[in-house]
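First comes the structure, then the notes that go with it.
The values are calculated or read from the model by the stated rules, or taken from the named source; none is laboratory data. Quick caveat, the model's predicted, so the values are computed rather than measured. Cβ coordinates were reconstructed from backbone atoms using ideal geometry, including for glycine residues, and neighbour counts include every protein chain displayed. Note: areas computed on protein heavy atoms with side chains; ligands, DNA, RNA excluded. Shrake-Rupley method; radii C 1.70, N 1.55, O 1.52, S 1.80 Å.
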Amino acid sequence: MNALFSPLSLGRYTLANRLIMAPMTRSRANDAGVPSDLVTTYYAQRATAGLIISEGVFPDASGKGYVRTPGIETAEHVAAWKSVTQAVHAQGGHIFMQLMHCGRVSHPSLLPDGALPLAPSAIKPAGQTWTANGLQDFVTPHALSVTQIGGVVDSYRHAARRAIEAGFDGVELHAASGYLPEQFLSSSSNQREDQYGGSVENRSRFVMQVLAAMVDEVGSDRVGIKISPEMNFNDISDANPQETFTYLVKQLRELKLAYLHVALFGASFDYHAALRELFEGRYLIGGGLTRDSADTLIAEGKADAAVFGGAFLANPDLPARFLSGAALNVPDKDTFYTPGAEGYIDYPAL
């Protein structure tokens, strides 16, 4: 257990341990995307993580994709998040905000004035999303113009600035799970014929421009990115994912990001082995880890830190449980996205 509990320098910070809390949607904001007081308690309870990565937060209202998810667009958002970051810092923790624009996997009922979701191409994805009226089928999205793409890039820039104003230690770009950045990356969802489509260089352009804007705003040592090659969530796929993600990670080197967060779920190719050597910052590994497997990966130099999702959701004191070998609480899937305290802040500590 020595590896998991050794300190780690990450960007401009020193983390107390290498246990990272994964970003997890919990749907405890109000309809305007303002986090409730419960959110402050939830994150403060888990502040013994080396780093918390927040749930996905929409950079502007066009990026909202699920009911009761939080934003970072308004002064009210910033004020509510300040309560969260102050509570985490009071416990000695660090917290990054994950910026999540859902793009085409949203629904008009979730968007301002019933607008169509945004996407690189007007291709309707298979599946549904959670709305105030329950599950609703995805619709055919609006294909962004080049000018509109610039506006979305700026929304990420402004969101990164507001996250720092709210007290976050940094920001993570969610470029996984079939959301807008991965929609640009992937050949199935991006069939553009301009500078944002076609070749892997063009399909990577949006992600690189967004990251460059975030870095310009808050500094490279406060920016990370999450990818999940071949996860294929939200009807996303790519004709050559190994080429796509290898190219992307090579391009990331010039940005000198604080970290690369790679979560794998069933990919047959060993992306960790391929991508770790291409990235010069900290490498965070996630997806189905146990205490022992995480410790081994770090001890063997295959990762710098380990990311845990459900285990942190159900065990606010996960580091203490790992240290003592205590049994773990089991996550209650029925309360993952329900409003209220149940299944959110009522999991027992040791």
Here Rg/Rh (Cα, Kirkwood) for segment 10-131 equals 1.02
When the chain is treated as a Gaussian network with springs between alpha carbons less than 10 Å apart, the largest mean-square fluctuation among S188, S106, S293 is found at S293
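Please find the FRET efficiency linking D346 to N2, where r is the Cβ-Cβ separation and R0 is fixed at 35 Å, and quote it to the nearest 0.05.
After rounding to 0.05, the efficiency reads 0.60.
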Between D216 and Q86, Cβ-based FRET efficiency (R0 30 Å, step 0.05) works out to 0.70
Ignoring ligands and nucleic acids, R282 exposes an accessible area, probe 1.4 Å, in Å² to the nearest 10, of 70
With no solvent term and unit scatterers on the alpha-carbon positions of segment 207-350, Debye gives log₁₀ I(q)/I(0) at q = 0.10, 0.19, 0.21 Å⁻¹ of -0.44, -1.18, -1.25
Restricting to lysines and to Cα separations under 21 Å from K302, and discarding same-chain partners fewer than 8 apart, the set is K226, K250, K256
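Just from its helices, what would the mean residue ellipticity at 222 nm be for the chain, if runs of 4 or more DSSP H residues each count -39500 (n - 2.57) and the sum is divided by every residue, rounded to the nearest 500 deg cm²/dmol? List each step's numbers first, then the result.
Values: 11 runs with 108 residues, N = 350.
Taken over the chain, the calculation gives -9000 deg cm²/dmol.
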Candidates H94, H107, H158; GNM for the chain (alpha-carbon contacts under 10 Å) flags as most fluctuating H158
The relative contact order of the chain, taking Cα pairs under 8 Å that sit 6 or more residues apart, comes to a percentage of 17
To the nearest 20 debye, segment 208-350 has a Cα-centred charge dipole, built from +1 on Lys and Arg Cβ and -1 on Asp and Glu Cβ, of 260
Of the accessible area of segment 71-144, computed with a 1.4 Å probe and all protein chains kept, carbon and sulfur make up a percent value of 51
Expressed in angstrom and ordered largest first, the alpha-carbon extents of segment 87-187 along the principal axes are 45, 33, 28
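For segment 217-350, give the percent of accessible area contributed by carbon and sulfur heavy atoms, probe 1.4 Å, rounded to a whole number. Numbers along the way, then the final one.
Details: 2920 of 5880 Å².
It is 50 percent, rounded to a whole number.
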Probe 1.4 Å, heavy atoms of protein chains only: per residue, the accessible area of the chain in Å² is 37
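Taking 0.36 nm per residue of sequence separation and subtracting the Cα-Cα distance, how much length would be gained by fully extending the chain between S188 and N133, in nm to one decimal?
Gain on stretching S188 to N133: 16.9 nm.
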Per GNM of the chain with C-alpha springs under 10 angstrom, the most fluctuating residue out of G178, G33, G92 is G92
What the Cα atoms of segment 131-273 span along the principal axes, largest first and in whole Å, is 42, 36, 34
In Å³ per residue, the alpha-carbon convex hull of the chain encloses 119
If N is the residue count of segment 1-46, its Cα Rg over 2.2 N^0.38 Å rounds to 1.56
Taking only the alpha carbons of segment 41-112, the radius of gyration and the largest Cα-Cα distance, Dmax, both in angstrom, are 13.3, 41
In units of 2.2 N^0.38 Å, the Cα radius of gyration of segment 165-242 is 1.16
Counting only backbone N atoms under 20 Å from a point 7 Å out along Cα-to-Cβ of L255, the residues of segment 293-309 in range are 304-305, 307
